[in-house]
1. Rounded to the nearest 500, what is the chain's calculated 222 nm mean residue ellipticity when only DSSP H runs of at least 4 contribute -39500 (n - 2.57) each, over all residues?
2. Measuring from centroid to centroid over Cα atoms, what is the spacing of the stretch 1-66 and the stretch 161-206 in Å?
3. For S99, S243, S236, which order do you get if you count the other beta carbons within 10 Å of each Cβ and list the fewest first?
4. Of the beta bridges DSSP finds with both residues in the chain, what % are antiparallel, to the nearest 5?
5. First measure r as the distance between the Cβ atoms of T47 and R70, then evaluate 1/(1 + (r/R0)^6) with R0 = 35 Å and state the FRET efficiency to the nearest 0.05.
6. Can you count the Lys pairs in the chain with C-alpha separation below 17 Å, eight or more apart or on different chains?
7. Count the net charge of all other residues whose Cβ sits under 12 Å from the Cβ of E113, scoring Lys and Arg as +1 and Asp and Glu as -1.
8. So what is Rg over Rh here for the stretch 6-255, counting just Cα atoms and using Kirkwood for Rh?
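A short reminder: the numbers here are calculations on the coordinates, not readings from a lab. What you are looking at is a predicted structure, and each value in this text was computed from that prediction instead of being measured. Cβ sites come from the backbone with ideal geometry, for glycine too, and all protein chains shown count toward neighbours.
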Amino acid sequence: MSRPVRIGVQLQPQHAPTYGLIRDAVLRSEDAGVDIVFNWDHFFPLTGDPAGAHFECWTMLGAFAEQTERVEIGALVTGGGYRNPDLLADMARTVDHISGGRLILGLGAGWFERDYDEYGYDFGTPGTRLALLKESLERLTARLGKLNPAPTREIPILIGGGGEKKTLRLVAQYAHMWHTFADLDVLAHKNKVLAEHCDAVGTDQSRIERSVQWPGAERAAEFVAAGVTTFTVGVSGPSYDLSEVIGAVRWRDEVNPEPVTGIA
């Protein structure tokens, strides 16, 4: 294992009638010892009552940045079709500064048609959304290099998705992290495809951190053996029950190597 296991929590911004419930969940998550606090970039609930309460992603990330001290923060993931990519780069740079360099910039092609239709965006097809994601990554990375002041660091880009011809090619070209919902057998295959794309574009595949949803302590070690080092537990409002998150953090602390001390 070349990097330590990390545990994230995705505080899904749905079914919380007041923002204070989310603020409290962020505080409890950092206190519980998670490494990353994610939200998501949708405009409506994905589960439960489709007319339920919901809050916007990037405004919330600015609040996360001010509220927290240690955890990394980010969207899992930002919909590639909702925002002008030059503006998104500026938003990311700003949150990066507010947080003191703790932002993960998560991006994906988008898939939830209601987000597009009700907010006036063109939903298009999977192909057009992937083409827009490619264009967005090109423009976003170029804009990050022009901003004054510059980001505090090279902001790590996370790309979510598993399409072998296009998405994994973009992962090889742009990403520091790759998030997939693939199970173990599929993950092994997609890792080989990603390695081929990395060879084609001249990227060291070992620099790309593999990320999946938390499969439970009984299966997580198998994913670690397959190269995964980041696991994220999703929790929804209004209660934001962190009991599973706490169990995942406890497992992380058991499997991570002890820090080496006493070496001159």
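1. That comes out to -13500 deg cm²/dmol.
2. Here the answer is 26 Å between Cα centres.
3. With the sparsest Cβ surroundings first, the list reads S243, S236, S99.
4. Approximately 5 percent, going by the DSSP bridge assignments.
5. About 0.75, to the nearest 0.05.
6. Going through the chain pair by pair, I get 6.
7. In short, -2.
8. Expressed as Rg/Rh, it is 0.94.
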